[in-house]
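So the structure is just underneath, and the comments pick up after that.
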Amino acid sequence: MAQRPRYFKPTSLTWLASAAPVIAGLFIAFEPVHHLSDWAKAVSTTFGNTSPYLLINAGLVGIGLRGAIKP
């Protein structure tokens, strides 16, 4: 019997709320690659001008806690 994915649950609201900072942090961090500085600044302002590294880590912590608490 195949085991259910523990950390990847895209239909869960808690997973989506934790994935949003990860995606935003990656978008801001890769701004030199995609040259969309206005968009990256807008996304950064949306998340309170937080560093992209903090956003990525906070999102991963949320996904990890969600997977650990509710199997």
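The values are calculated or read from the model by the stated rules, or taken from the named source; none is laboratory data. Keep in mind the model is a prediction, meaning the values are calculated, not measured. Positions of Cβ are generated from backbone atoms using ideal geometry, with glycine treated the same way; all protein chains shown enter the neighbour counts. Note: areas computed on protein heavy atoms with side chains; ligands, DNA, RNA excluded. Shrake-Rupley method; radii C 1.70, N 1.55, O 1.52, S 1.80 Å.
Scanning the stretch 27-59 for residues that are under 17 Å from ILE69 (Cβ atoms) and open to solvent by less than 50 Å² (accessible area, probe 1.4 Å) turns up just one, GLY59.
Can you report the number of residues in the stretch 13-55 which are among the polar types (S, T, N, Q) and within 14 Å of the chain's Cα centre (by Cα)? Before you say what the answer is, go through the steps one by one.
Of all residues in the stretch 13-55, those among the polar types (S, T, N, Q) come to 14, 18, 37, 44-46, 49-51.
After this cut, where a residue has to be within 14 Å of the chain's Cα centre (by Cα) as well, the list is 14, 18, 44, 46, 50-51.
Here the count works out to 6.
Taken over the stretch 1-26, the criterion of being open to solvent by less than 60 Å² (accessible area, probe 1.4 Å), within 15 Å of THR50 (Cα to Cα) and of a type in the set (A, V, I, L, M, F, W, C) is satisfied by ALA20, VAL22, ALA24. Number of residues in the stretch 6-51 that are out of contact with any Gly (no Cβ under 9 Å at 6 or more places or on another chain) and not β-branched (Val, Ile, Thr) equals 22. Counting only helices (runs of 4 or more DSSP H) that fall entirely inside the chain and contain at least 1 residues that are free of Cβ contacts under 8 Å to residues at least 12 places away in the same chain and of a type in the set (Gly, Ala, Ser), the qualifying elements are 37-46, 52-69.
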